[in-house]
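First comes the structure, then the notes that go with it.
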Amino acid sequence: MINVSANPEKLIPVSLPLELVNKRKLIVVEAVTVLALVVLTFWSVGPLIEEWGLLRAFNEHGLSYLQTFAPSIPMRPLHLTAYALQWLLGNGHVIGVALGTSLLLVVRYFVVRWAVSPLLFGYDRWLAAVLGATLVFWPGVWLGRYGSAQLSAILFFVALGFSVRLYQRWSTVWAIGCAVSVALMLAMYQGLTLCLAAIPLASLLWGRVGSTNKTRVIDRIISSGRVCIPLGVGFVLYGIYCLVVSSKLGNSGYEGALAADSARLLTLAGFLTHAKSAYLTAFGKEAHLLPMLLVLSFFICGRALGKIESPRTRLYESALVFLLVCSLPLLSMIYVNVLHIGDVDRVLFPVSAGFVLLGITLLGRYRSNVPGSLAPFDASVVVAVVLVSSVLIAHGVKQYVELQRSVIAQTWAATASSGSELVLIQDTTGTLGDVYTFLGPTLGDASTVLGRKLTANICTPLSVDRLHPVAQRFPITTTPRCEELPPAADGTLILTARWLGGVLVVGP
């Protein structure tokens with residue numbers, strides 16, 4: 001039986017009660033899932049761009065680098081926390097990137113599991129935790145450079161967990177926890193700002209379908225109001241911090257440039273153009289994303305929709321699900337910079353977190369209407385799709401990691417006899433110098449972190465097209481043309497990267 005509360009507006013378990021679920025089997029399933037995700041992380045994740053430079057900086061300056069870096073990005077004083085964690089876990093070695101990424105993934109799994117416990121049980125809770133851990137379809141889960149975003153997602157789900165509990169009843173402790181987690185998240189990375197704002201809207205849908213009694217609707221609005229208060233306090237706390245910092249440091253630097261770029265959003269034309277860019281990046285550059293999100297969403301609630309007796313209500317609920325999925329790119333409009341809104345890796349972060357919130361909302365809204373639903377089967381299908389997509393994305397990241405390792409090894413072999421610390425690679429393949437294939441000084445930073453100090457540059461001959469798809473998302477400048485460079489300094493070892501039997505070879 002479904003556990004129906006005397007007060008139908010209180011959050012109620014929407015899966016079969018745990019005593020009717022094979023607890024031992026579920027525990028094994030969850031343990032195997034977490035272990036598989038950890039193995040996938042260690043298999044695929046490695047430093048690719050900022051991670052190299054930050055590992056080098058922490059190796060040279062220790063944790064004092066946090067203080068050194070802080071003035072350059074004052075609105076995000078906690079931004080380097082995840083990178084410092086990677087450095088500490090790996091004791092300065094590259095394994096720390098995988099260690100830090102896997103730790104954040106596991107913590108995210110259990111935080112989401114805790115967050116939804118008042119709302120979901122059994123296999124539905126397992127499904128929600130997997131969605132939250134993998135941030136489904138977001139490549140940044142497997143990129144160490146997004147450690148701060150991954151850590152901010154944990155704080156987002158902490159705020160969500162407190163919000164779920166506040167929806168039931170007021171608690172000062174929960175309200176304080178919610179406000180603090182919001183402020184900390186914003187001080188770390190603001191990519192999920194609009195997702196935070198969406199929590200009260202999502203809470204309006206946590207009641208049972210067909211609950212149209214006026215008193216019940218008012219109770220639901222009051223409950224959502226309780227959710228708004230601590231979320232708003234968290235924004236105010238962060239806003240006060242920003243005002244204090246701005247009065248002392250001004251709005252210069254990286255964040256000042258972002259703020260200046262946001263002025264165009266104050267016009268209707270600029271706002272609509274920005275929204276269009278968000279949709280083109282999320283659903284245009286990733287053409288499979290919208291169909292996949294729709295399929296998963298309707299698979300989660302399709303059985304419940306089919307059991308709604310009123311055709312009109314069924315049509316309304318189906319249209320609601322469709323519109324909510326289609327609105328997800330709007331959550332990415334927090335990226336006000338014209339370059340960032342064109343970057344898939346950034347835009348899909350709030351889209352994916354928003355889908356997790358939507359998935360939890362769908363489970364909470366519809367599963368309570370489906371006595372005897374095959375929750376284990378439904379959840380297993382969705383989890384299988386999510387895990388397969390995670391493997392595919394992680395495999396793409398692993399290819400970048402392996403390419404970098406190969407180039408570094410070959411560069412070291414070529415410099416072993418000369419002892420030169422100056423290297424110029426003339427890339428006839430057109431692939432090196434992209435964001436994840438040694439953009440800018442990354443090759444030198446990587447070599448130095450691994451134990452051999454090098455100053456390395458990469459150029460592309462005029463006769464070779466630059467094949468830099470990641471950089472073209474923005475677009476940003478990558479490698480210079482070899483013919484346009486000034487004469488190489490004395491002692492510079494000039495190497496050539498070429499394809500040989502389908503393998504990228506670097507040598508004299």
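All of the numbers you see were taken from the coordinates with simple rules; none came from a lab. All values derive from a computational prediction rather than experimental measurement. Note that we place each Cβ from the backbone using ideal geometry, even for glycine, and neighbour counts take in every protein chain shown.
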Out of Cys326, Leu166, Val244 - ranked by how far each Cα lies towards the positive end of the dipole of the chain, with unit charges on the beta-carbon of charged residues - the top one is Leu166
Computed D for the stretch 55-99, Stokes-Einstein, Kirkwood radius over alpha-carbon pairs, 37 °C, 0.692 mPa s, to the nearest µm² per second, is 310 µm²/s
Rounded to the nearest 0.05, FRET efficiency between Arg216 and Arg314 (Cβ-Cβ, R0 25 Å) equals 0.80
The summed charge of the Phe438 Cβ neighbourhood (under 12 Å; Lys/Arg +1, Asp/Glu -1) stands at -2
So, for the Cα atoms of the stretch 398-507, Rg and Dmax in Å stand at 13.1, 40
Taking only the Cα positions of the chain, the convex hull volume per residue in Å³ is 174 Å³
Rounded to one decimal in nm, the spacing of the 7 Å Cα→Cβ label points at Ala269 and Gln67 is 5.0 nm
Expected sort for 483-489, 88-94 on mean C-beta neighbours within 10 Å, highest first, is 88-94, 483-489
Going residue by residue through the stretch 224-240, the Karplus relation 6.51 cos²θ - 1.76 cosθ + 1.60 with θ = phi - 60° gives ³J(HN,Hα) values, rounded to whole Hz and with x marking Gly or Pro, of 5, x, 4, 5, 5, 4, x, 4, x, 4, x, 5, 5, 4, 5, x, 4
Note: Ser327 to Leu485 extended length (0.36 nm per residue) minus current alpha-carbon separation gives 52.2 nm
Scalar couplings 3J(HN,Hα) for the stretch 397-411 by Karplus 6.51 cos²θ - 1.76 cosθ + 1.60 (θ = phi - 60°), nearest whole Hz, x for Gly and Pro, are 5, 4, 5, 5, 4, 5, 4, 4, 4, 5, 5, 4, 4, 5, 5
Footprinting proxy, Trp138, Trp170: sorted fewest to most Cβ within 10 Å, the residues are Trp170, Trp138
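Any idea what the dipole of the stretch 388-508 comes to, in debye rounded to 20, about its Cα centre with Lys/Arg Cβ at +1 and Asp/Glu Cβ at -1? Before the final figure, lay out the partial values.
Values: 8 positive and 9 negative charges, 62 e Å.
About 300 debye.
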To the nearest 10 degrees, the tilt of helix 311-326 (Cα long axis) against the first principal axis of the alpha carbons of the chain is 20 degrees
Number of Lys pairs in the chain closer than 23 Å at Cα, excluding neighbours under 8 places apart unless interchain, is 4
Listed by chain and number, the residues whose amide H is under 5 Å from that of Asn457, excluding neighbours fewer than 5 places away on the same chain and using placed H, are Val423, Leu424, Ile425
With +1 on the Cβ of every Lys and Arg and -1 on the Cβ of every Asp and Glu, the dipole magnitude of the chain about its Cα centre, in debye rounded to the nearest 20, is 1860 debye
For the stretch 18-373 the mean separation of alpha carbon contacts under 8 Å (6+ apart) over residue count, i.e. relative contact order in percent, is 19 percent
Whole-number value, in Å³ per residue, for the convex hull of the alpha carbons of the stretch 91-188 is 104 Å³
To the nearest 10 degrees, the tilt of helix 23-44 (Cα long axis) against the first principal axis of the alpha carbons of the chain is 20 degrees
In degrees, nearest 10, the alpha-carbon axis of helix 147-168 is tilted away from the dominant principal axis of the alpha carbons of the chain by 10 degrees
Computed about the Cα centre, the charge dipole of the stretch 327-459 from +1 Lys/Arg and -1 Asp/Glu charges at the Cβ has a magnitude in debye, to the nearest 20, of 340 debye
Isolated cysteines for the chain, Cβ-Cβ cutoff 4.7 Å, are Cys178, Cys195, Cys228, Cys242, Cys301, Cys326
Out of Leu120, Leu151, Val136 - ranked by how far each Cα lies towards the positive end of the dipole of the stretch 70-196, with unit charges on the beta-carbon of charged residues - the top one is Leu120
Of 182-194, 269-281, ordering from highest average Cβ density within 10 Å down gives 182-194, 269-281
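Counting other C-beta atoms within 10 Å, which of Asp378, Asp219 has the fewest, and how do the rest follow?
Lowest to highest Cβ neighbour count: Asp219, Asp378.
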Listed with the fewest Cβ neighbours within 10 Å leading, Arg498, Arg473, Arg125 appear as Arg498, Arg473, Arg125
In nanometres, the difference between 0.36 nm per residue of separation and the alpha-carbon distance of Thr429 and Ser246 is 61.3 nm
